[in-house]
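The values are calculated or read from the model by the stated rules, or taken from the named source; none is laboratory data. In this text, all values refer to a predicted model and were calculated from it rather than measured experimentally. Cβ: placed from backbone, ideal geometry, glycine included. Neighbour counts: every protein chain shown.
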Amino acid sequence: MKLFVNARFLTQPVSGVQRYGIECCRKIKKLYPSSVFLTPKNIWNTAVAAELGATVIGVNTGHVWEQLDLVLYLRKQNSPPLFNPCNTAPVMYANNYITLHDLAFFHHPEWNSKLFSLWYNALIPHLVKNCRHLFTVSETMRAEIARCYHMPTAVISVTYNGVAEQMISRRPANMPSKEKIILAVGSFNIRKNHHSLIKAFQESKIKDQYKLVIIGDKNKVFSETGIDELQMKRSNILVYSHLAEADLIDMYQKAEILVSLSVYEGFGIPILEGIYNGCKIVCSDIAVYRELYDNYAVFCNPNNISEIIEAINTASQSTHVGEEGIRQLVSRFNYEVSAKKIIEEMLNLR
């Protein structure tokens, strides 16, 4: 039996959700080679599309493609199982398997445009209730989805994120010496809380010893939070809107400390990537981070500048996780394990 995958993520820039889609699909193709990856014509990630052997279908793009072109095509194929790795799926299709990454749209509609929030809050409840099976990326999210949508946790499976193939292949046998870099990875939005990190760094005693490097697309958060971009440049703070994957990996390998002060997450891939690359970790004291990284990080209140400063100081004087700890974490959070679980569920082998 063929398995089909909604690969619309190939038309989108890569953030955490798209990373899960890419890496899970790489493993699905390896484990179940007859899988078919379907995408609209406006492919952004051409290299991954070629690697997956993606099939372009339909004439539309975006949500219209997903809700119309994709459904029409699948019905001509006798309505096979469809894996949707990136939150959304066709409403008028009865054989959906879906990964829902978090409920930010539900808890914090103000973080997105009104149109986006309206669409997701109308679409997702229907998909959750009517899909064949639901996946998510942490036990915290599993419990949260079950609670918010009044469903048993037994109908939700956890398929964790992992470390990307390219990052694994580029990891040297002996990690290079660390530089005095504090790294944060993630788009500039209120959710990621970079403004608190910037303020804490500017008020800390180590601001002259370390360089703060933030990697992520910038948006209106500068005006919303009063961040002075010019002052940042004067304060040993560098912002890169985008880095090529190889350059991002190099930055992880150079950075001494990785900081994630998100006020809400479903998983938190940069923390896992930071640990894998030998970074010391400072992160928000939120439920999902406690679940996943309890023995790997210094935790702090992401809204308390004094606590953030103290956590960074503590991390700077600590030692990073050893190789055995890294191996244990990577064996637990692994895209191949997740892909196997997805395939087994879709083939009804579990």
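So here's what we get for this one:
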quantity	calculated
Within the stretch 46-63, tally of residues that are loosely packed, with under 12 Cβ neighbours inside 10 Å and either of a type in the set (D, E) or part of a helix (DSSP H, G or I) (or both)	3
Verdict on W65 being in contact with a Lys or Arg (Cβ under 9 Å, 6 or more places away or on another chain), free of Cβ contacts under 8 Å to residues at least 60 places away in the same chain and farther than 27 Å from E336 by Cβ	yes
Among the residues listed as F105, F116, the single one being within 17 Å of the chain's Cα centre (by Cα) and under 21 Å from Y264 (Cβ atoms)	F105
Spans of helices (runs of 4 or more DSSP H) in the stretch 259-350 with at least 2 residues in contact (Cβ under 8 Å) with a residue 60 or more places away in the chain and within 25 Å of Q18 (Cβ to Cβ)	269-276, 287-293, 323-332, 335-346
Verdict on I227 being modelled with pLDDT under 80, assigned to a loop (DSSP other than H, G, I, E, B) and either under 22 Å from the mean Cα position of the chain (by Cα) or surrounded by 12 or more Cβ atoms within 10 Å (Cβ to Cβ) (or both)	yes
Members of the stretch 141-167 found to be of a type in the set (S, T, Y), more than 19 Å from Y335 (Cβ to Cβ) and crowded, with 20+ Cβ neighbours inside 10 Å, listed by number	none
Selected residue (only one of R147, R132, R142 is without any contact (Cβ under 8 Å) to a residue 24 or more places away in the chain and in contact with a strand residue (DSSP E or B) (Cβ under 9 Å, 6 or more places away or on another chain))	R142
Residue that is nearest to the chain's Cα centre (by Cα), among those in the stretch 168-183 that are outside any loop (DSSP other than H, G, I, E, B) and surrounded by fewer than 16 Cβ atoms within 10 Å (Cβ to Cβ)	I168
